[in-house]
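Step one of this worksheet: look at the structure below.
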Amino acid sequence: MRTETPVTIRLKDYQPPAYWIKNCALIIRIFANHTEVDSTLTMVRNGDPSELPALVLDGVEQLIQSLSFDGEAITDYDYQHDRLTVQPTQAEFTFNAVTHIFPNTNTSLEGLYKSGTMVCTQCEAEGFRKITFYLDRPDVMATFSTRIEADQAPFPILLANGNPTASGELEQGRHFATWDDPFAKPAYLFATVAGDLVRRDDAFTTASGRDISLRIFAEPHNAHKTEFALTALKKSMRWDEERFGREYDLDIFMIVASDFFNMGAMENKGLNIFNSAAVLATPETASDDRFERIEGIVAHEYFHNWSGNRVTCRDWFQLSLKEGFTVYRDAEFTSDLHDRAVKRIKDVLFLKNHQFPQDGGPNAHPVQPQEYIEINNFYTVTVYEKGAEIVGMLHTLLGDRPFRQACDLYFERFDGMAVTTDDFVDCMAQISGQDFSQFKRWYTQAGTPIVAIHEDYDANLARYRLSFTQSCPATPGQSDKQPLVIPVKMALLDSTGQALPIDCNGDYNADTQVLTLTEAVTTVTFQHLASQPTPSLFRDFSAPVRVRQALSDPALLLLAQHDDNAFNRFEAVQQVYLDTLLKLTRGELDAIPALVDTVVLSILSDTQLSHALQAVLLSLPSYQQMMDNLDTVDAEAVIVARDRLKLHLAQTYQSHWATLSQTLTSADDYVFTADEVGRRELQGLALYYWVLSGDKFGLNSAEALYRAAQNQTDRLNGLKAVMASPDRDRQQRLLVHFYRHWHQDTQMVETWLALQAGAEGVGVTDILLLMAHDAFDFTNPNKVRSVLGGFTQNFKAFHDIQGDGYNFMSEQIVALNAINPQVAARFVGVFERWRKFAPERSAAMHSALTAVLETESLSPDVLELVQKTLV
Ligand code: PHE
Ligand code: ZN
């Protein structure tokens, strides 16, 4: 653990480095109990060569064997607080360091660490300094050559970035491999892997006719699960050529699956390393949503080869430059491959469930943060998902062709460079001729804007007016908010839901328009409207804002039944549910309003709708969304309200659920297509409601689906429905059966743990039992996320005031802090909205957080978040 007091890093303090590193030549010698790293950096002064400031290199827990300049031993050096200070005497020189590091005991999973039987690296954001001394910052870009040496028996496969150049045997059963990466890159993109891995091969011919070898590596027990990812990779490569004109550049592209990984995956140049859970799948073991996730992540990491690697970030404040853009790109990929409307709906749900609460809470920060203590804490839904929304708005404002041209310009102009979000937006400005200076506030201003809509119709003048008032609540450290540029994709609908031709002062004239708000208040007038239209605003969620719009029931119903923009139809339906849930929570309703039933019936009877759309339209808003729309949360009331509406749907439409789940059954082989995914999703939902309705036939049918399942989606649809029943014995039987059958499969065991941690009625005692189970491993982030993540996302269980969930999680954060600070810090987020809860819970959460803060030797990761959350 670091002992120094944490330092705040600020964007405004950015300085270019005093030296550049042109080349990094590494020799990594892996031994049983330690690894020796021999690093030679070819360096040059950046600035006046007659003045040579001290060279300050980052380095964490380096056991120094030797240091030298141009072969001359350095005896005079200072190594403290994770920094090595030496004094160069030339403007151009080589610096060599030989150090020892200890992968076997590295539980932080940053730098070089042991993962199962293999050894691998994770360097983003600042892990390279745990491998050797370096200028560990993204604007220092070097070519790398890597030689790895290890015992041949346990480590037959030796990988690093770039193209393979040589390999051979050494004495005493050892061997080596050398790799060369000709593309200058920051150290965060470095990777090496040594292990006994099984490889699946394929090939890809690029648009310009270059042949690329594709290889996915996994430990032997996972080797049968890599085919899907390989197919996804080939689709991604083709798509990036067709949609963005981006071709792959090295001769080989590799993916390695690692069972121990802090995040989803990592885009290391030519050698992506993936969390096993984010790459391994067979129909037997992975459900549809897992397949979707894997396909998206494979694409995401591959797309980083251009948006992130070829053009990288100047500093970590620019993180969204690569992440926001790449999330945008992978969402486009998924939309092109599958169902665009459904993908959009799911992404917006994710944003509303996770990013809106962050933006409204104590850890709200701009997409381009202005300061941080620990950069790992800024891999957030704001930087990623809100960042992607910003890119989406740029696309909307420019239109398809100019947006593509601006992206081309960006890649061409900045290839091989480390740049800023300003540079990105400037390309948009140059191509479109528009001024984006106000638009850039999206990067610097935190908080979710609120857009209040006011309508005014004058029948005599056949004139309709819409006024938009934008505001943004204060966020920590940012009380003054400026108006943003907000694109409003819209249409005006007639009473049948048809879009009306728009005559808007001659400015806008097609049926669907994009209005651009720039002022605090904008009023738009539409002429020649013989009757009052219904506005369909923010189509496809054209801006990440909260819309405040008092729609009459008939208007809401029109949108919910007839809006031809599937996203807005979904929004209207959700609004009907959410209004009901909030009123129930506040005790303002005696019965479920008829509007709900009208809406539900029309969805159930709409044969035009795809199964996937029907499924999302029949799903209720989450607890998070309810909380996000309440000033003070009475957790019991929220739970009772949601249960009540759910039960109402389950019971009122029992026969529909029964029919749906039976008719949607299929005995065909599993295929992963949008249609089939939709069918299974709707069947799962119907079965769940059917069981919830209390019908014994439903429960039997759910168990039958579980038992007969030939794929994981059906199996989980059955099991989750059984878990929704009060029949504890039956649940237990199936869970025992599941484990007996699948205990040798890591991904299945993770699912099994998560299912139990997320089950109705679990308490801290059950969670402790899971943690005592053989299948659990506190040093494995996936297992921890399955159990503790499953528990904390289990709203009823975690917030049970009879239970001790808050103190329990406080203890777990402290325990994790000593093992893996990144994973520990993620769990601080479960307390993020503590202020929103009514006094009893709020106080309990506050004291649980305070207990964490009072712990000795907290990592900067946990410390920063706990401090901010408590303020
Ligand atoms: N850069 C990775 C991605 O989003 C995320 C990541 C960050 C992985 C830090 C590991 C560590 O694609
Ligand atoms: Zn990414």
- [ ] Subtracting the Cα-Cα distance from 0.36 nm times the residue separation, let me have the gained length for GLN434 to THR659 in nm, one decimal.
- [x] 75.5 nm
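Would you compute, from DSSP H runs of 4+ residues alone, the mean residue ellipticity of the chain at 222 nm, taking -39500 (n - 2.57) per run and dividing by the full residue count, rounded to the nearest 500? Mind dumping the intermediate values first?
On the way: 28 runs with 330 residues, N = 871.
The helix-only estimate for the chain comes to -11500 deg cm²/dmol at 222 nm.
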- [ ] Could you give the size of the charge dipole of the chain about its Cα centre, using +1 on the Cβ of each K and R and -1 on the Cβ of each D and E, expressed in debye and rounded to the nearest 20?
- [x] 1180
TODO: List CYS427, CYS504 from most exposed to least, where exposure is judged by having the fewest other Cβ atoms within 10 Å.
DONE: CYS504, CYS427
Open item on the list: Quick check: convex hull over the Cα atoms of the range 577-724, volume per residue in Å³, rounded to an integer?
Closed with: 115
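What is the packing order of peptides 393-401, 317-325, taking the mean over residues of other C-beta atoms within 10 Å and listing the highest first?
Numbers: 393-401: 17.0, 317-325: 26.3.
Result, highest mean Cβ count within 10 Å first: 317-325, 393-401.
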Task: the range 313-463: mean projected area of Cα convex hull, nm² - done: 11.9
Open item on the list: Could you list PHE795, PHE155 so that the one with the fewest beta carbons within 10 Å of its beta carbon is first and the one with the most is last?
Closed with: PHE795, PHE155
TODO: Putting +1 on Lys and Arg Cβ atoms and -1 on Asp and Glu Cβ atoms, find which of ALA499, THR469, ILE450 reaches farthest to the positive end of the dipole of the range 450-543.
DONE: ILE450
Open item on the list: Students often check this: by mean Cβ neighbours within 10 Å, which of 5-11, 716-722 ranks highest, and how do the rest follow?
Closed with: 716-722, 5-11
Task: Linear extension gain, ASP422 paired with ARG174, 0.36 nm per residue minus alpha-carbon span - done: 84.3 nm
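Ranking SER786, SER335 by Cβ neighbours within 10 Å, fewest first, what do you get? Display every interim value, and only then the final one.
Numbers: SER786 25, SER335 15.
Ranking SER786, SER335 by Cβ neighbours within 10 Å, fewest first, gives SER335, SER786.
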Task: Qualifying lysines (Cα of each under 18 Å from Cα of LYS720; at least 8 residues distant if same chain) - done: LYS646, LYS696, LYS796
TODO: For ASP151 and LYS234, compute 0.36 nm times the residue count separating them, minus their Cα-Cα distance, and round to one decimal in nm.
DONE: 26.5 nm
TODO: Please give every one of the aspartates and glutamates within straight-line cross-link reach of LYS440, meaning a C-alpha to C-alpha distance under 17 Å, and leave out same-chain neighbours fewer than 8 residues apart.
DONE: GLU323, GLU385, GLU389, ASP422, ASP423, ASP426, ASP480, GLU519
TODO: Pairs of Cα atoms under 8 Å, at least six residues apart: use those to get the relative contact order of the chain, whole percent.
DONE: 9
TODO: Run the numbers on the range 213-297 and let me know its relative contact order in percent, using alpha-carbon pairs under 8 Å that are six or more apart.
DONE: 31
- [ ] Check cross-link reach from LYS234 to the aspartates and glutamates: straight Cα distance under 13 Å, and skip same-chain residues fewer than eight apart.
- [x] ASP201, ASP202, ASP211, GLU242, GLU247, GLU295, GLU301
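Among the listed pairs LYS22/LYS235; LYS783/LYS868; LYS130/LYS481, give every one whose C-alpha distance is greater than 30 Å.
On the way: LYS22/LYS235 34 Å; LYS783/LYS868 27 Å; LYS130/LYS481 40 Å.
Over 30 Å apart, Cα to Cα: LYS22/LYS235; LYS130/LYS481.
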Task: FRET efficiency for PHE697 and ASP774, using Cβ-Cβ distance with R0 set to 30 Å, rounded to 0.05 - done: 0.20
TODO: Kindly write out, for the range 217-227 in residue order, the coupling ³J(HN,Hα) from the Karplus curve 6.51 cos²θ - 1.76 cosθ + 1.60 (θ = phi - 60°), rounded to whole Hz, with x marking Gly and Pro.
DONE: 10, 8, 5, x, 5, 10, 4, 7, 10, 9, 5
- [ ] With the cut-off at 24 Å, report for the range 9-287 the share of all Cα pairs above it, as a whole percent.
- [x] 52
Task: Of THR632, ALA615, VAL600, farthest towards positive along the dipole that unit charges on Lys, Arg, Asp, Glu beta carbons give the range 574-644 - done: ALA615
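To the nearest 0.05, how large is the calculated FRET efficiency for GLU72 and ALA637 if R₀ is 56 Å and r is the Cβ-Cβ distance?
Values: r = 73 Å, r/R0 = 1.31.
Result of the calculation: an efficiency of 0.15.
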TODO: Just check the range 759-871 against the gyration tensor rule for me: Cα atoms, a ≥ b ≥ c as the square roots of the eigenvalues, rounded for a/c under 1.5, and otherwise prolate or oblate depending on whether a/b exceeds b/c.
DONE: oblate
Task: Rg(Cα)/(2.2 N^0.38 Å) for the chain, N = residue count - done: 0.97
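How would you classify the range 655-742 from its alpha-carbon gyration tensor, with a ≥ b ≥ c the square roots of the eigenvalues: rounded for a/c under 1.5, else prolate if a/b is greater than b/c, otherwise oblate? Walk me through the intermediate numbers first.
Numbers: a/c = 2.27, a/b = 1.16, b/c = 1.95.
Judged from the Cα gyration tensor, the range 655-742 comes out oblate (a/c at least 1.5, b/c at or above a/b).
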Open item on the list: Ranking request for peptides 403-413, 587-597: highest mean number of other beta-carbon atoms within 10 Å first, then the rest in descending order.
Closed with: 403-413, 587-597
- [ ] Please give, to one decimal in nm, the separation of the simple spin-label points placed at VAL56 and GLN802, each 7 Å out from Cα toward the Cβ.
- [x] 5.7
TODO: Work out the FRET efficiency for ARG441 and THR42 from their Cβ-Cβ distance, taking R0 = 51 Å, and round it to the nearest 0.05.
DONE: 0.75
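Where a number appears in this text, it was derived from the coordinates with a stated rule and is not lab data. Note that the structure is a prediction, hence the values are computed from the model and not measured. Every residue, glycine as well, gets a Cβ built from its backbone with ideal geometry; the counts of neighbours run over all protein chains shown.
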